[in-house]
Structure formats: C-alpha cells, structure tokens
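S.K.: Please read through the structure below; I'll follow up with questions.
The values are calculated or read from the model by the stated rules, or taken from the named source; none is laboratory data. Bear in mind that the values here come from a model prediction, so they are computed numbers and not experimental data. Neighbour counts are summed over all protein chains in view; Cβ atoms, including those assigned to glycine, are modelled from backbone coordinates with ideal geometry.
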Amino acid sequence: MRMNPYIPIVGMVILATVFVLISMGLSLVVGPRRYNRAKYDSYECGIQPTPQPIGGGRFPVKYYITAMMFIVFDIEVVFLLPWAVAYNQLSTFAVVAMIVFIVLFFIPYFYVLRRNGLDWE
C-alpha cells in the first residue's frame, strides 16, 4: 500500500494554519492592551508622518538607495550564478563578457562608497 505524496504537504499546511491561529489568539489574550497614539499611526521607512511643507521639503532617500542597491545585487546574482555553474563550458568571449559585466557593475558601487552613500549617520 502506497501513501499519497500530498499527505505530508497537507499536514504541513494544517500545522502552519493551526500555529498561526493559536499564536494570534494567544497574542490577543496575553498581550498588553495599552492605547498608544504612535503605535496606531501610519509608519513608512522610518519617517515620522507629519504634514508636508508647502514647497515639498527635503526628503531622505537613504532607505530607497539601500533598497535599489539590494535589487541591483540580486540582479547581479541572477546573472553570475548560471555563469559560475557553467564556467568550465564557456568560451573565452563569455568569460571576457562576464568580466566586463562585473567591472561595469562595480564602478557605480565604488562611486557610492566614495561619496559615503551607504553611511547611515
């Protein structure tokens, strides 16, 4: 007699659902019930929600720069992983093309480092 291969998956989904429901229920029962205005305010990217000045004002972009660099590094990994796996089967042209890609990728990275773009102060 053979077991259905989906039974473990269904079991894990049921276990995860039970865990989430129990955790949410316990947090409602055990957790503190103190009202705090700051707790219920909207919060985005570490910037306190305040009325915007008429001219627009200055807007810190450090969080977005960090997010963009994360995306760029992810894209680099997407291109470098298949190259690393198939390195022994590549031609000289492919190796030179990847070296050019890496150099072109790190030029802006060193530019950001030199201008202290990653310092959070």
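Matching residues to (1) surrounded by 10 or more Cβ atoms within 10 Å (Cβ to Cβ); (2) among the polar types (S, T, N, Q); (3) more than 30 Å from residue 110 (Cα to Cα); (4) modelled with pLDDT of 80 or more:
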site	(1), (2), (3), (4)
30	no, no, yes, yes
39	no, no, yes, no
43	yes, no, yes, no
63	yes, no, no, no
67	yes, no, no, yes
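S.K.: Right, something else. Only one of these conditions is not met by residue 25: (1) modelled with pLDDT of 85 or more; (2) touching a Ser or Thr at 6+ places or on another chain (Cβ under 9 Å). Which number is it?
M.R.: It is condition (2) that residue 25 fails.
S.K.: Is it the case that region 96-110 has a residue that's under 20 Å from residue 61 (Cα atoms) and surrounded by 10 or more Cβ atoms within 10 Å (Cβ to Cβ)?
M.R.: The answer is yes, given that some residue of region 96-110 is under 20 Å from residue 61 (Cα atoms) and surrounded by 10 or more Cβ atoms within 10 Å (Cβ to Cβ).
S.K.: Which members of region 69-81 meet the condition of being of a type in the set (D, E, K, R) and either surrounded by 12 or more Cβ atoms within 10 Å (Cβ to Cβ) or modelled with pLDDT under 85 (or both)?
M.R.: Hit for region 69-81 is 76, nothing else.
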